[in-house]
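What follows is a single structure, written as structure tokens, with notes after it.
The values are calculated or read from the model by the stated rules, or taken from the named source; none is laboratory data. From a predicted model like this one, the values you see are computed outputs, not experimental measurements. Cβ: placed from backbone, ideal geometry, glycine included. Neighbour counts: every protein chain shown. When the accessible area is computed, the model is the full protein with side chains, heavy atoms only, and any ligands, DNA or RNA have been set aside. Shrake-Rupley method; radii C 1.70, N 1.55, O 1.52, S 1.80 Å.
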Amino acid sequence: MFNRFQQVVEEGIAKNLHYGVQLSVSVEDQIFDEAFGTIDQNIPLQAEDSLCWLSAAKPITAVGILILQENNSLSIDETLGEILPQFQNSQHASIPLRKLLTHSSSLREVPVHWPEASWPQILETIANSQPVENWSEDKSAAYLPSTSWFLLGSVIEQRSGQSYVDFIQQEILDPIGMKQTRCIADSSHASSAHEVLLYDRVKGQLELSPYLERMKAVSPSPGSSFRGPAADLRLFFDMLRSEGKGEFGQVISQASIDQMVQRHRKGRVDQTLQHIVDYGLGVILDSNEYGPQTVPYGFGTDCSTKTFGHGGSQCAIAFADPVRQRSVVIVANGRPGEGQHQRRFRQLLEALELDLKSID
């Protein structure tokens, strides 16, 4: 059924880009959950196995912030100094949550030493860090893989009165039905049959990734520690295409989703991604107008301009296209370097388009 997609996966296996790839797609009322290749060199990868999503799960934390805004527990225009005690006297006190969500604040990515460091220690490190020099509030932008997301996770704890893990579980994962998703090491949680494995390509060969040590942490990284089957993350984007309705309850209102996917950041060169990329609140928006063959972590050349989602560092893409009524999640278990990854996923998305057209 997904012959072209499988061919690209197999070509990647031959090049040592990954051992296997999961694909989860919903198109209108059709759902496809597939897995190709292996977990390692021997064990076949299954659709229900858990893989690392890394930054592809960042929109989950963003939805948590918007849920609290709906409940009048905060506003995204409130500042760090107003919400977090550690930032009252910080140089970053005046940064509003909106700028964290759009990666347009003057914060810099600093070593926070997670998971060895506790969240209070991480907040203190960020509060004492220096802002980026010569930052333009109207023009500058820089994607931050982790710094701002520890702040957003702490805001959720401060204003909800719950731990980040409990809030996300009760308010988002449970009502959606994301039964295998987790963001900390938790033996009591439902899990897949196989251990999460991730590989980095080093000198042309796949080696177990250092990220795996972080997957053993008992404290979460709100921007990078989620994992589960691709199908679980696809359910999250299905929810965002379904007026905020999950399988077991309402998660978020359509008004908040509309706010989330507006172009809050448009036409700015991202200093981290080295490309113009538009942002909503915690989501990348279709940026094909700036170069469909060069935009990083894009959603394919055939996506509509309303498409939104997020990529995971050298391993994943997850998005919803409300115009074409589809959600797509692709997760690989190999991180082959940015250049190889971008080429690989452009080819996978192109092959997927052809396969879906043949199904239609």
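Rundown of residues vs (1) over 25 Å from the mean Cα position of the chain (by Cα); (2) more than 13 Å from Leu152 (Cα to Cα), yes/no style:
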{"position": "Gly64", "(1), (2)": "no, no"}
{"position": "Ile67", "(1), (2)": "no, no"}
{"position": "Ser73", "(1), (2)": "no, yes"}
{"position": "Thr79", "(1), (2)": "no, no"}
{"position": "Leu84", "(1), (2)": "no, no"}
{"position": "Ser90", "(1), (2)": "yes, yes"}
{"position": "Ala93", "(1), (2)": "yes, yes"}
{"position": "Pro96", "(1), (2)": "no, no"}
{"position": "Leu100", "(1), (2)": "no, no"}
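Restricting attention to the stretch 186-201 and to residues that are charged (D, E, K, R) and modelled with pLDDT under 90, the residue that is farthest from Gln170 (Cα to Cα) turns out to be Glu195. Go through the stretch 77-94 and give me each residue that's without any contact (Cβ under 8 Å) to a residue 12 or more places away in the chain and either among the β-branched types (Val, Ile, Thr) or in contact with a helix residue (DSSP H, G or I) (Cβ under 6 Å, 6 or more places away or on another chain) (or both). Within the stretch 77-94, just Gln88 meets the criteria.
Annotation note: Cβ proximity below 9 Å between a residue of the stretch 333-360 that is of a type in the set (Ser, Thr, Tyr) and a residue that is assigned to a helix (DSSP H, G or I) (sequence gap 6+ or interchain) occurs for Ser358/Asn3; Ser358/Arg4. From the residues in the stretch 298-313 that are touching a residue at least 40 places away in the same chain (Cβ under 8 Å) and under 16 Å from the mean Cα position of the chain (by Cα), which one is farthest from Ala142 (Cα to Cα)? Here the residue is Phe299. Filter the stretch 303-345 down to the residues that are among the polar types (S, T, N, Q), part of a loop (DSSP other than H, G, I, E, B) and within 18 Å of Ser209 (Cβ to Cβ) and list them by number. Result: Ser313, Gln314, Asn333.
Restricting the search to the stretch 1-34, which residues are in contact with a strand residue (DSSP E or B) (Cβ under 7 Å, 6 or more places away or on another chain), of a type in the set (A, V, I, L, M, F, W, C) and part of a strand (DSSP E or B)? Listed by number, the residues that qualify are Val21, Leu23, Val25, Val27, Phe32.
Taken over the stretch 5-29, residues that are at pLDDT 95 or above and either open to solvent by 60 Å² or more (accessible area, probe 1.4 Å) or closer than 14 Å to Arg234 by Cα (or both) amount to 12.
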